[in-house]
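Here's the structure, in structure tokens; my notes come after.
The values are calculated or read from the model by the stated rules, or taken from the named source; none is laboratory data. Owing to the predicted nature of the structure, the values given are computational and were not obtained by experimental measurement. Neighbour counts are summed over all protein chains in view; Cβ atoms, including those assigned to glycine, are modelled from backbone coordinates with ideal geometry. Surface accessibility is based on the protein's heavy atoms, side chains included, excluding ligands, DNA and RNA. Shrake-Rupley method; radii C 1.70, N 1.55, O 1.52, S 1.80 Å.
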Amino acid sequence: LDPTPDGVKTVLASVRRDGELVASVVELRKAKEPPSITPEVRKAWLGAFSQPLTPKLATQLGITAEAGARITRIYPNAPAEAAGLRVGDVVLALDGDPVMARRIEDMEVLARQIRQYRPGTEAVFSLWRDGKAIELPVKLGREPLPTAEMARWEDEQLEFEARELAVDDSVRMQLSPDFKAVLISEVVPAGWAALAGLHPSDLVLAADAHPISTVAELKASRDAAVRGGAHWWVLHVQRARETLFVEINLKPVTP
């Protein structure tokens, strides 16, 4: 390795290309440190998606209200589910304060209104359900950890990154509440893991036949395989709606 004037080290690599032996100087740079993540203050959370009550939608639903938020989806085990909210309910007000969502761009109005409360407090939801107005007390929860704050691990030698599942991941992928796995968040193109067939968004269910639910367990499995002199590390992954095995060669990996 020869350092350049700016301190970057280089290596002379020989590559066989179309029958020729080509020499190339490759720069080796230190990977950038991952950005520091400041934990966000977790505010009140309902655990539901909603859409604005536009004038056309209100007419179709037979509602005379000027604005509101129609519940379109409810997170499993969320405060909305525990309180008895249903898909199709239209939230007209919280503690008498109208939910002023009437345009497509008002998608976040209800969520912002809920975030004004403290987690654990109760709010009375004024709803339109099945053609009549009702009131429903809802105990609001605390926002789950965002994706950016989930535990993660980068395997520099096998060239991939994994992180634990966030609530939003489970909802987006339509996973059951008790589903256990680790998400492959990044795979270096043409890297060692990619050559073995590992894809971004793969869900690691098990490693060497042992169930995996945290990145610590995934790292421990890889380290154990290397210490034991294994040549292959076998991951059982779920990709879309199918499961398969990915066999990663460990020959270049050191403990």
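Can you give me the ranges of the helices (runs of 4 or more DSSP H) entirely in the stretch 158-227 with at least 3 residues that are within 21 Å of the chain's Cα centre (by Cα)? Here the list reads 167-172, 215-227. Of all the residues in the stretch 185-232, those that are touching a residue at least 60 places away in the same chain (Cβ under 8 Å) and open to solvent by less than 30 Å² (accessible area, probe 1.4 Å) number 3. Being open to solvent by less than 10 Å² (accessible area, probe 1.4 Å), within 22 Å of the chain's Cα centre (by Cα) and modelled with pLDDT of 90 or more holds for only one residue in Ala78, Ala58, and it is Ala78. Considering Leu127, Leu158, the condition of being of a type in the set (A, V, I, L, M), more than 29 Å from Asp223 (Cβ to Cβ) and either crowded, with 16+ Cβ neighbours inside 10 Å or out of contact with any Leu (no Cβ under 9 Å at 6 or more places or on another chain) (or both) is satisfied by Leu127 alone.
Given the condition on the phi < 0 side of the Ramachandran plot and part of a strand (DSSP E or B), answer yes or no: does some residue in the stretch 111-121 qualify?
no
Scanning the stretch 130-146 for residues that are free of Cβ contacts under 8 Å to residues at least 60 places away in the same chain and open to solvent by less than 60 Å² (accessible area, probe 1.4 Å) yields a count of 2. Within the option set Val87, Val138, Val91, Val99, being of a type in the set (A, V, I, L, M) and more than 16 Å from Ala58 (Cα to Cα) holds for one residue only, Val138. Among the residues of the stretch 161-178, those that are in contact with a helix residue (DSSP H, G or I) (Cβ under 8 Å, 6 or more places away or on another chain) and either open to solvent by less than 50 Å² (accessible area, probe 1.4 Å) or under 10 Å from Val215 (Cα atoms) (or both) comprise Ala162, Arg163, Glu164, Ala166, Asp169, Leu175.
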